[in-house]
Amino acid sequence: MPGSGPGSGPGSAVVEIPDEAIVEEKFLASTGPGGQNVNKVATAVQLRIDVFRLGLAPHAYQKLKTLAGTKLTAGGELVITARKFRTQEANRADARERVAELIARAYERDAKRIKTKPSKAAKARRVDEKKGRSAVKAGRGKVRLD
């Protein structure tokens, strides 16, 4: 389906990854389908990106940390492994696209929570319900024949 891939959703802007931010791009032996090709050719891509060289805004860096989770190392490197496709080029493009999507999502601001408090009528209803439950429970006690 056209336009249904990652990075094509609403609010996904194209983010360029500067070359100086890419620490390492390593090709690994992939897993999955591919027959003998998968055993012979290193098609999976492991992309390491220095998050500090991206020049992210502080709020975007904080959100990137939560979005990336275990993909972000203690040294500030974002590690993305792409092995979805059978060619190096497609996996390289997929890895870069996933990094760009992650960065774009990090820049999206969360909606501010508006504090609300219950109305007086709602508080009164809650107290009345509590009194009713209390009366029901009090009626469950042992019967005394005095």
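Could you count how many residues in segment 75-109 are without any contact (Cβ under 8 Å) to a residue 40 or more places away in the chain and on the phi < 0 side of the Ramachandran plot? Show your work before the answer.
First, the residues of segment 75-109 that are without any contact (Cβ under 8 Å) to a residue 40 or more places away in the chain: 75-76, 78-80, 82, 84, 89-90, 93, 102.
Filter again for on the phi < 0 side of the Ramachandran plot, leaving 75, 78-80, 82, 84, 89-90, 93, 102.
Residues meeting the conditions: 10.
Determine, yes or no, whether Leu72 is out of contact with any Cys (no Cβ under 7 Å at 6 or more places or on another chain), modelled with pLDDT under 80 and among the hydrophobic types (A, V, I, L, M, F, W, C).
In short, yes.
Checking Ala42 against (1) modelled with pLDDT under 80; (2) out of contact with any Lys or Arg (no Cβ under 9 Å at 6 or more places or on another chain); (3) surrounded by fewer than 16 Cβ atoms within 10 Å (Cβ to Cβ), only one condition comes out false. Which one?
(2)
Counting residues that are open to solvent by 60 Å² or more (accessible area, probe 1.4 Å) and over 30 Å from Ile17 (Cα atoms), which helices (runs of 4 or more DSSP H) fully inside segment 57-146 reach at least 2? It would help to see each step written out before you state the result.
Details: elements: 58-68, 88-107, 120-138.
Because the criterion is at least 2 residues that are open to solvent by 60 Å² or more (accessible area, probe 1.4 Å) and over 30 Å from Ile17 (Cα atoms), the helices (runs of 4 or more DSSP H) in segment 57-146 that meet it are 120-138.
The values are calculated or read from the model by the stated rules, or taken from the named source; none is laboratory data. Keep in mind it's a predicted model, so treat the numbers as computed, not measured. Note that we place each Cβ from the backbone using ideal geometry, even for glycine, and neighbour counts take in every protein chain shown. Heads up: the accessible areas ignore ligands, DNA and RNA and are worked out on the full protein's heavy atoms, side chains in. Shrake-Rupley method; radii C 1.70, N 1.55, O 1.52, S 1.80 Å.
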